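Structure, as structure tokens:
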Amino acid sequence: MAMITMVMPAHLRTLAGVSGDVTIEVDGEVTLRSILDALETQYPMLRGTIREHVSGERRPFLRFFACGEDITHESPDAPLPQEIASGAEPFYVVGAIAGG
Amino acid sequence: MSNVQVLVGTRKGAFILTSDGKREKWNVSGPHFAGWEIYHVKGSPADPNRLYASQTSGWFGQIIQRSDDGGKTWFQPGTPAGEPTTTPEGMPVGESNKFVYDDSAETGKPLTTHQFYDGTAKPWVFKRVWHLEPALDDADTVYAGVEDAALFRSTNGGQTWAELPGLRGHGTGAQWQPGAGGMCLHSIILDHQNRERIFVAISAAGAFRSDDSGATWKPINRGLHSQYIPDPTAEVGHCVHHIAQHPANSNVLFMQKHWDVMRSDDAGDSWTEVSGNLPTDFGFVIDVHAHEPETIYVVPIKSDGEHYPPDGKLRVYRSRTGGNEWEALTKGLPQENCYVNVLRDAMAVDSLDSCGVYFGTTGGQVYASADAGDTWAPIVRDLPAVLSVEVQTWP
């Protein structure tokens, strides 16, 4: 069981009813998909907000970062760095700066 | 003493404005859901403490919020506070924000495309909820008009949603196309006298009616004339901006179309223009006096290219004859240098003896009249752009 630290945009923290970073428990290999699956299990009110409900596709104004790298367009099943899996580095969901 | 509660949706949150029956002093609550676009907030006729809100975002998608205490507290109905967020098997239970088009052969005719602005075929893609219409006699039943245009219904207080696929599937859906704001189902009228009858309106498709509680539908656009479409009198393709009905006069409908103010005396089977002496018949809102079924209100807007009032004067126009003869209502409204818009869901009336009329502007003002439009005063002046206004009245 990996304990992942996640940093999310303020609107998602409000929806989830949390403040600051959140900790997610991930079973098995730590990937973008497994992190988001675990997040949506732990915080079901976030289902559909990061990935579209039906298609499962990332919402276009959101990006993902791990260890300073933009992994938005990487395979969702690619293993993430050990620093993410160990909780030493947070996993970032970042909203694009667009509009006001 | 009666109370009035005005539910305001804006570009950056919801606000609740409350007053007593005099409607002179107001309390302002909000912003609720700060920073989110709140397309619509509406209370249940069956239980005024039950409110539904459409919270939406280009970043994070669609959220349905519900209040059971008149707007003091809110929650997502698929994930009630204090209840497990997963099933015993560990699966998520939050489904209240999920709107999935029903293209199954079992429940509707599979329909996969509508027209884009340029006439090319585009698949239906859910974007947001424009309008929430709670049922007349059951607080747990609520209808949602969505973009891309379709009608959904929840019968469990917004926890889960199912499309009424007969609307998209009745045969003309492939000809629908978006208006400037998107291809949205923005108006829903549940008929008070004929409880199986539902009216909806879609930009840019037109008005539609069901006489069997939403199972089957037909276009009701005969008499509409829209010069901006290839066939100005086509069965569908008209950019209807809003429709309204008096609860006691269910065969009479009023419509603010892209251009033209229209009325129907046969439940939409045919329409006639009643623009009369309006300075311009472009606009978005239209509503009906609570106690006078032939008294109606519009806010003329200069043109489709200039979304502000003519001459910089914000004027509500009232007809006491069901159209054609209009009078300008200006007392208390800015009569110079005013260039705001009033969007399609941003006018409402209360049901007090002296009918109150309310509307919100893209400049963030919410105006109220406690005397059926004779005089106006702003309740608030500086909200974010107002998307919708609804009113609840408690005796």
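Restrict the check to the range B:127-137 and report whether at least one residue is in contact (Cβ under 8 Å) with a residue 12 or more places away in the chain and surrounded by fewer than 16 Cβ atoms within 10 Å (Cβ to Cβ). For the range B:127-137, residues in contact (Cβ under 8 Å) with a residue 12 or more places away in the chain and surrounded by fewer than 16 Cβ atoms within 10 Å (Cβ to Cβ): present. Residue count for the range B:346-376 under the criterion of being part of a strand (DSSP E or B), free of Cβ contacts under 8 Å to residues at least 60 places away in the same chain and touching a Lys or Arg at 6+ places or on another chain (Cβ under 9 Å): the result is 1. Residues in the range A:68-100 that are within 14 Å of chain B (Cβ to nearest Cβ) and more than 14 Å from the chain's Cα centre (by Cα) were compared, and the one that is surrounded by the most Cβ atoms within 10 Å (Cβ to Cβ) is A:Ala96.
All conditions in (1) surrounded by 15 or more Cβ atoms within 10 Å (Cβ to Cβ); (2) under 21 Å from B:Tyr367 (Cα atoms); (3) touching an Asp or Glu at 6+ places or on another chain (Cβ under 8 Å) hold for B:Phe284, with the sole exception of (3).
Within the range B:207-227, identify whether any single residue is within 19 Å of B:Ala372 (Cβ to Cβ) and touching a residue at least 12 places away in the same chain (Cβ under 8 Å), and answer yes or no. Within the range B:207-227 (the criterion being within 19 Å of B:Ala372 (Cβ to Cβ) and touching a residue at least 12 places away in the same chain (Cβ under 8 Å)), the answer is no, since none of the residues qualifies.
For the range B:292-313: of the residues being under 13 Å from B:Thr280 (Cβ atoms) and aliphatic (A, V, I, L, M), which is surrounded by the most Cβ atoms within 10 Å (Cβ to Cβ)? Checking each candidate, the answer is B:Val298. Scanning for something surrounded by 19 or more Cβ atoms within 10 Å (Cβ to Cβ), assigned to a loop (DSSP other than H, G, I, E, B) and touching an Asp or Glu at 6+ places or on another chain (Cβ under 7 Å), does the range A:40-54 turn up at least one residue? Among the residues of the range A:40-54, at least one is surrounded by 19 or more Cβ atoms within 10 Å (Cβ to Cβ), assigned to a loop (DSSP other than H, G, I, E, B) and touching an Asp or Glu at 6+ places or on another chain (Cβ under 7 Å), which makes the answer yes. The residue that is surrounded by the fewest Cβ atoms within 10 Å (Cβ to Cβ), among those in the range B:22-62 that are on the phi > 0 side of the Ramachandran plot and away from every other protein chain (no Cβ under 11 Å), is B:Gly30. Of the listed requirements (1) part of a strand (DSSP E or B); (2) more than 12 Å from B:Gln256 (Cβ to Cβ); (3) among the hydroxyl-bearing types (Ser, Thr, Tyr), B:Tyr297 misses just one: (2). Out of all the residues in the range B:265-298, which are more than 20 Å from B:Glu327 (Cβ to Cβ) and among the hydroxyl-bearing types (Ser, Thr, Tyr)? Selection gives B:Ser270, B:Thr272.
Within the set B:Trp59, B:Trp26, the sole residue that is aromatic (Phe, Trp, Tyr), touching a Leu at 6+ places or on another chain (Cβ under 9 Å), more than 26 Å from B:Asp138 (Cα to Cα) and without any contact (Cβ under 8 Å) to a residue 12 or more places away in the chain turns out to be B:Trp59.
Please work out if A:Glu25 is within 14 Å of another protein chain (Cβ to nearest Cβ), in contact with a helix residue (DSSP H, G or I) (Cβ under 8 Å, 6 or more places away or on another chain), surrounded by fewer than 19 Cβ atoms within 10 Å (Cβ to Cβ) and within 30 Å of B:Phe33 (Cβ to Cβ). Spelling it out, A:Glu25 is indeed within 14 Å of another protein chain (Cβ to nearest Cβ), in contact with a helix residue (DSSP H, G or I) (Cβ under 8 Å, 6 or more places away or on another chain), surrounded by fewer than 19 Cβ atoms within 10 Å (Cβ to Cβ) and within 30 Å of B:Phe33 (Cβ to Cβ).
Would you confirm whether any residue within the range A:9-20 is more than 9 Å from every other protein chain (Cβ to nearest Cβ) and part of a helix (DSSP H, G or I)? For the range A:9-20, residues more than 9 Å from every other protein chain (Cβ to nearest Cβ) and part of a helix (DSSP H, G or I): present.
For beta carbons closer than 6 Å, sequence separation of 6+ or different chains, a first residue in the range B:293-312 that is small (Gly, Ala, Ser) and a second that is modelled with pLDDT of 95 or more, the qualifying pairs are B:Ser303/B:Phe282; B:Gly312/B:Glu336; B:Gly312/B:Asn337; B:Gly312/B:Cys338.
Of all residues in the range A:36-67, those satisfying the criterion of being more than 9 Å from chain B (Cβ to nearest Cβ) and hydrophobic (A, V, I, L, M, F, W, C) are A:Leu36, A:Ala38, A:Leu39, A:Phe64, A:Phe65, A:Ala66, A:Cys67.
So for the range A:48-65 (the condition being of a type in the set (A, V, I, L, M, F, W, C) and more than 18 Å from B:Ser57 (Cα to Cα)), does at least one residue qualify?
Scanning the range A:48-65 turns up at least one residue that is of a type in the set (A, V, I, L, M, F, W, C) and more than 18 Å from B:Ser57 (Cα to Cα).
The values are calculated or read from the model by the stated rules, or taken from the named source; none is laboratory data. A quick note: this is a predicted structure, and the numbers were derived from the prediction, not measured. Every residue, glycine among them, receives a Cβ derived from its backbone with ideal geometry; neighbour counts consider all protein chains shown.
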